[in-house]
Structure formats: structure tokens, C-alpha cells
Amino acid sequence: MVDATGTRRADVLVAGGRVAAVGDDLDAPGAQVLDAGGCLVAPGLVDLHAHLREPGREEAETVETGARAAALGGYTAIVAMPNTEPAIDSAAVVRQVLDLGATAPCDVRVAGAITVGRAGKALAPMAEMAALGVRLFTDDGAGVQDARLMRRALEYASALDVTLAQHCEDEALAAGGHMHEGEWSSRLGLPGIPAEAEELMVARDIALCRLTGARAHFLHLSTAGSLELVAAAKAAGLPVTAEVAPHHFTLTHAEVAGYDPVYKVNPPLRTAADVAAVKAALAAGVVDAIATDHAPHAPEAKEAPFDQAPPGMLGLETALALALGELDLPVERVLALLSWQPAAIAGLAGEHGGPIAEGAAANLCVVDPAAAWVVEPDLLASRSRNTPYGGRKLRGRVRHTILRGEPVVIDFEAQR
Amino acid sequence: MKHLLAVNDLGAEGIEEVLRVTDSFVEVSSRAIPKVPALRGKTVVSLFYESSTRTRLSFETAARRLSADIMTFTAPTSAIAKGESLRDTVETIQAMGIDAVVVRHGSAGVPQLIASWIDASVVNAGDGWHEHPTQALLDCYTIRQRRGSLDALRIAVVGDVKHSRVARSDVAAFALLGADVTLVAPPTLLPPSLEGWPVTVSHDLDAVLPKVDVVYVLRLQNERMKEALLPSLREYTASYGLTRRRADLLADDALVMHPGPMNRGVEIAADVAALENSVITTQVANGVAVRMAVLYLLLGSGQDLAG
């Protein structure tokens, strides 16, 4: 058993949606037994960054299919991003997505938009959404370009006990880009997005954080420069947190050489030096969470010229194995980055992320760290197939997932 | 050779082979009836998503002189205009039973994508800013015709390298054949990174011109002004245009080249394009023979060329 309090060997008894007992050789006649031999029992994983596409893009994903993919990946809670059609920028749309998630095999939470329609012009009704339990706000898919508007949003949000999360990208500098600007974009003749387009907004938001005192979370950071800025902000005591996505510590811009849009993502795949910086920042504690940026797109959308295809990759079913396999970190640290640290950022501590103790909500995952498997896009639970890891051999897989006491995944199979 | 997607796929030997076969087709083109039955029964599709008169006509002429059948899809007149996806269009064409697709597209990488979807041979006739390999082949052929070899030749490529598929293919081909390439352009018109490019860079055309054997002038598109890449056409011409005064800095036997279509008075002066050492129309003439060679090498099955 692994949680924020440490690692030990124990049985876990679950009843009524809660942990009933933790101890050696627990005896519970008639109880369903899930074998966890050779496995780690951990608090369920929490994803700060999932695009579930509903409402509006149900051909790519629905709340139900996305939640099933999440459960298979070991997640018991995911935060749905607001770049749906319509955007999640009002209580009505928040309610719709929460209702869709009510019967899903994973706890579906919602991030609300910072601005109306994610258009970056006027503040969305954050208090109305916060009243429904929304704890994260972002215009993800785009950053809030206007510094004055972002300042007001941070100030306004500071009274609501919510966190603003930024997709850091200066649109003027990034305009027209489809991949990281550098050696490969130059060779391939594709317009690039410089690392500085991300770093400018990270630097601006750190300044706004200093100005307002409000909390800020940085989504999917991808460059060495961004991580240096965050490290300095944290050292200065500013209330900032940061996440990175698995593709930014496993893949580089060289993957684009074949022009396959499955490698198109925003922020783009960066250089090997950036990948090394992301790994180092994870090891150093500069980064607080690994988030998937799960971004499904229907096959027909991705079978397009690189510069016409939408950006985004699947992530929910592969994140844990990639983190276990690619990061030179102890499993306890990997689980901290995937479970209890993101749970705290999402305002879910207490419900998700453990610790596993009597009376705690029974949101758990059972990880087999030795399970070897091959990513087969056609076997993924997501409605889309745009994983960049098709055919890749991975090690480490979620064997069981328990949501509020119910086993929603048993022996690698979704139960509903 | 199954496809022609990029110059580096050919390598130096591949380029030499195309140039050797081109010699035979230059001879064919000089006959009273410039036609051979080498590709009789083969079907070549020209799939042009961007308007391009010269390249499309050059390929279609090449295919006809080899007795292949031609089908033409151009963007404004076909299913492309009705919103059909690239993949559906390509699979529809493939279903008709064809042997090669010659593709021009505004997006880099489209020939690679098409090659991954279908069995027919794919010839890249220009993809976005990426490559235009047959242009590079005809440029090499033209230079070799006049200078015997590219080995150790000094070639300046002048102008909008950043947005130029011709430049990417030419730089690769010139370097593979042993030439010493200098890019001359304002920094805003160079690619953001030149890591791995076998070139040197200069911003001083006057200093470069006396030292080169070939000056290759790239087309400057008017929309570059709108993207804050240049202050004005006038300033571009003053700094990087091949004016009559600058042409006089060239060695007597230095060649002037341009891929066309020219913006006379912008990147090249009208009277420079007409100089004796300008081989711009020779480039066009050689284009047909080079494309015959490419199609023959991709689709031919050893028939007697003299046929």
C-alpha cells in the first residue's frame, strides 16, 4: 500500500464506499476479494487536465467514454476542460457535464472558463460556477491574452477559494505555428511556435501572481525556460503550481519528421533538452503534477495535412505506465505526482488522493508495476485513436480501480 | 525507387541516375516526334491542390511523351472543392487503378501522407515550404549542362529561403553533388534554425556575387510584406535584388537562375533575366526531360528507350 503517509504491507477492507479497515490479514466473510499480489494499492489517480469533448464533439469523446478510459488508467477523478461547444462558461453547462458524469465510472469534475466563451474579452460568472463545486478555472486551448483581464480574473477569483489555471501561449508570437520552432520545423518547412511564446505568458502570470497574491496553476509546461521561471517563483514564495504532460517527457519534435498529425499537440513536442528539463523539474519538485492533456480527435480529423489537423493526443490510459517507465523516480514519487498532489490542486483532497485510512473515501487503484503490455490503439476505451504510443511496449498497468467502493475495473477490464 | 518525396531520399547516386536518364530524354525531346512508348498502359494522375501552371504542364507533357495516360485533378474543378477529405480523394483515385500520383499541395508533408495511404508511386511536385525535388533535379541538370559538374562549384541562393520549397530541395541537392552553398537573405527570410544545413550565410549580396559560379534567385511573394518580415519591396530590392549593377559583379561565366515565376523588378531586374548567362528558360526546357526521367525510373520496366 502506497500513499502520502508512506509504504507498507496491508489488506484494505472497503464497505459502504469507504475504507472500513486497513491491517494485516483482515477477515471479512462473504466479501468480494480483489487479488493485489505483487501490486501496489494506492489512492486513485487524479487528472487535472482531460478534454472530454462533450457537449459538442461527441464523435471524438463523450463524458462516459472518457471516464471509462480514465478508470482503466487508474483515475478515480478527472477534471473536464471547458473548451467544449458551447464552452463550460456558465452554471448551465457545468450542470450538464456534472449530470453526464454522475453515472460515469470515474468522478468527473469540471473546470470552468475564465472568460465568456473562452473568448478572452469578459469575465465568465465564476461565482455561479464555484457554487456548483468548480474549483479550477481556465480558458485552456487558449491563454487569456489580455494582461489586464487576467489580473482582474485573479483578483476576483481570490475571494472564491478557486485556482486559475493558464494555458500559457502568447498568441501573437505563436501565430500560425504548428510545431516547435527550431531545427525540425526549419527542415520540415512547417511554421513553428517558439518556446518563448509559452515562457512570455508564464513570466507575465508570475508577475500578475505577485501583483494580486492570487494562486495560479500552470498547465502542461513544456520548455526548460518555463520550468526555470516556475522554480524561481516558488523560491520567491509565490503561490504557483505547475503540471506537465507525459508526452512532454517522452517525445521530442523529431517525431514530426514523418508529418503524422498524431504527433501534433499544443504546446508542441519540444527538444531533447526540454524533455530532460521536464524530467529534472519533476525530480526536483518544481512540478506538482503529471496531467494527461487527454485530447481525443476523431480519426478523420487527424487524417489531414499536418498544418490542418487539430492538436492533441490521448493520454488517460497510458500516463501511469509512461511515468513509471520513463521517469527515474521511485514509485511513491510517481504516485504523488499522479494522485495526491493533483488532488490538492483540484480542491479534491479528502475525497481523492488518500491517504488510505479507516473512514476515508474508497477511491483506490491497484497498480501492477511489472505488467508488460503493448499499446493497441484499437483496444483503447476512448472513442478516438490518436495515441502517439501505438505499438509501444510499456511496463506497469492498473489492475483494479475502485470508485467510491465499487470496483469499476477488475483485472484490467472495465466493469461498466 | 518507389516514390520521389524529398531530395535526400535519392542521395547523390540517385540524383546522378536521374541526371543520366535525363540525357536520353533530352535527346528524345529534340526529335521531330518527341514521344516514346516507355510508359504505354500506365496511368499518371496529377493532383494539384495549388494552382501551378508550369509544373503541372511540365509533368503532363513528360507523361505524354512517355505515352502514359494522364488524369488531372485540380482544386477548383473537382471533388476537392466540395470538401472531400484528402484521404477520400486519394483513395478514390487509387480505386481507379493508377500507377503514379504527382501531387502539389500547400501543406508540407502531404506527399508523405499520401504515400502512406496508397500503393501507387507518389511524386512530390511541391509541398508547402518543404520540398520541390524535381525543381532541384532540373536545376542540377541545367548547371551540369553548362559547367560539367557541381563539384566544388560555389552557389549563392538568394532571397526568401524560409518559405521556399525550392530552396530546401536545391540546398540538399547542390550539397549532395559537392557544391559549396551560401544563403543570402535578410534574417527574417531565413529558417529559424539552420542546424544541419550544409550552408554558410551572408547578408551582403555585393560581397558574395563576385565569388560565385551560380546565383540562384528565389521568388519573393508580395504577402511577405504583410507579415512584418520586410519593410518594403523597395528596400528588399535595394538590399537583395539582383539588379543590373549587381549582375556586373558576377564572374563572366557565372550562371543566373530562377525557378519562376519571376517578379521582375523585385528580386531580379528584367534585363538581368535576359542576360546571356541567364539560364532561366533552359531550366524550364530541361524540366520536361527531368520529369520524364523521374516518371520513367518510378514506373518504367526496362523497355527500350529508343523505341
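The values are calculated or read from the model by the stated rules, or taken from the named source; none is laboratory data. Here the structure is a predicted model, which means the values were calculated and not measured. Glycine also receives a Cβ, built like all others from the backbone with ideal geometry; neighbour counts cover every protein chain displayed. When the accessible area is computed, the model is the full protein with side chains, heavy atoms only, and any ligands, DNA or RNA have been set aside. Shrake-Rupley method; radii C 1.70, N 1.55, O 1.52, S 1.80 Å.
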The condition from (1) modelled with pLDDT of 95 or more; (2) closer than 30 Å to residue B:178 by Cβ; (3) among the polar types (S, T, N, Q) that residue B:30 misses is numbered (1)
Go over the candidates A:79, A:19, A:93, A:97 one by one and state the one that is more than 30 Å from residue A:138 (Cα to Cα), open to solvent by less than 60 Å² (accessible area, probe 1.4 Å) and not in a loop (DSSP other than H, G, I, E, B). A:19
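Within the stretch B:178-214, track down each residue that is of a type in the set (D, E, K, R) and surrounded by 13 or more Cβ atoms within 10 Å (Cβ to Cβ).
B:180, B:211, B:213
Report whether or not residue A:143 is surrounded by fewer than 22 Cβ atoms within 10 Å (Cβ to Cβ), more than 14 Å from every other protein chain (Cβ to nearest Cβ) and within 30 Å of residue A:283 (Cβ to Cβ).
Considered against the rule, which asks whether it is surrounded by fewer than 22 Cβ atoms within 10 Å (Cβ to Cβ), more than 14 Å from every other protein chain (Cβ to nearest Cβ) and within 30 Å of residue A:283 (Cβ to Cβ), residue A:143 comes out as no.
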Do we have residue A:349 as without any contact (Cβ under 8 Å) to a residue 12 or more places away in the chain and under 20 Å from the mean Cα position of the chain (by Cα) here? yes
Scanning the stretch A:341-384 residue by residue, those farther than 18 Å from residue A:70 by Cα, at pLDDT 95 or above and assigned to a loop (DSSP other than H, G, I, E, B) turn out to be A:347, A:355, A:356, A:357, A:358, A:359, A:360
Being open to solvent by less than 10 Å² (accessible area, probe 1.4 Å), over 13 Å from the mean Cα position of the chain (by Cα) and not small (Gly, Ala, Ser) is the filter here; which residues of the stretch A:56-76 pass it? A:61, A:63
List the number of the failed condition for residue A:318; all other conditions in (1) open to solvent by 40 Å² or more (accessible area, probe 1.4 Å); (2) under 16 Å from residue A:377 (Cβ atoms) hold. (1)
Would you pick out the residues in the stretch A:236-262 that are buried (at least 22 other Cβ atoms within 10 Å of the Cβ), part of a helix (DSSP H, G or I) and more than 13 Å from chain B (Cβ to nearest Cβ)? A:247, A:248, A:249
Reported set for the stretch A:152-169 where residues are open to solvent by less than 30 Å² (accessible area, probe 1.4 Å) and either outside any strand (DSSP E or B) or more than 27 Å from residue A:265 (Cβ to Cβ) (or both) is A:153, A:154, A:157, A:162, A:167, A:168, A:169
Residues of the stretch A:187-235 that turn out to be within 14 Å of chain B (Cβ to nearest Cβ) and either under 20 Å from the mean Cα position of the chain (by Cα) or crowded, with 18+ Cβ neighbours inside 10 Å (or both), as a count: 10
Would you be able to say whether some residue in the stretch A:177-184 is within 11 Å of chain B (Cβ to nearest Cβ), assigned to a helix (DSSP H, G or I) and charged (D, E, K, R)? yes
Residue list for the stretch A:22-60, filter: out of contact with any Gly (no Cβ under 9 Å at 6 or more places or on another chain), part of a strand (DSSP E or B) and not aliphatic (A, V, I, L, M): A:23
Across the stretch B:106-117, which residue is nearest to the chain's Cα centre (by Cα) among those that are open to solvent by 10 Å² or more (accessible area, probe 1.4 Å) and in contact (Cβ under 8 Å) with a residue 12 or more places away in the chain? B:106
Condition first: of a type in the set (D, E, K, R), surrounded by fewer than 17 Cβ atoms within 10 Å (Cβ to Cβ) and more than 27 Å from residue A:186 (Cβ to Cβ). Can you find one or more residues in the stretch B:225-234 that meet it? yes
Here are some residues: B:103, B:157. Which one is within 12 Å of chain A (Cβ to nearest Cβ), in contact (Cβ under 8 Å) with a residue 12 or more places away in the chain and among the aliphatic types (A, V, I, L, M)? B:103
Return the only residue of B:183, B:205, B:249 being among the aliphatic types (A, V, I, L, M) and within 14 Å of chain A (Cβ to nearest Cβ). B:183
Would you say residue A:265 is under 14 Å from residue A:193 (Cβ atoms), open to solvent by less than 10 Å² (accessible area, probe 1.4 Å), outside any helix (DSSP H, G or I) and not polar (S, T, N, Q)? yes
Those residues that are open to solvent by less than 20 Å² (accessible area, probe 1.4 Å), of a type in the set (Val, Ile, Thr) and under 20 Å from residue B:65 (Cα atoms), I need them from the stretch B:1-26; list them, please. B:18, B:22
Within the bounds of the stretch A:302-317, is there any residue that is touching a helix residue (DSSP H, G or I) at 6+ places or on another chain (Cβ under 7 Å), within 14 Å of another protein chain (Cβ to nearest Cβ) and not in a loop (DSSP other than H, G, I, E, B)? yes
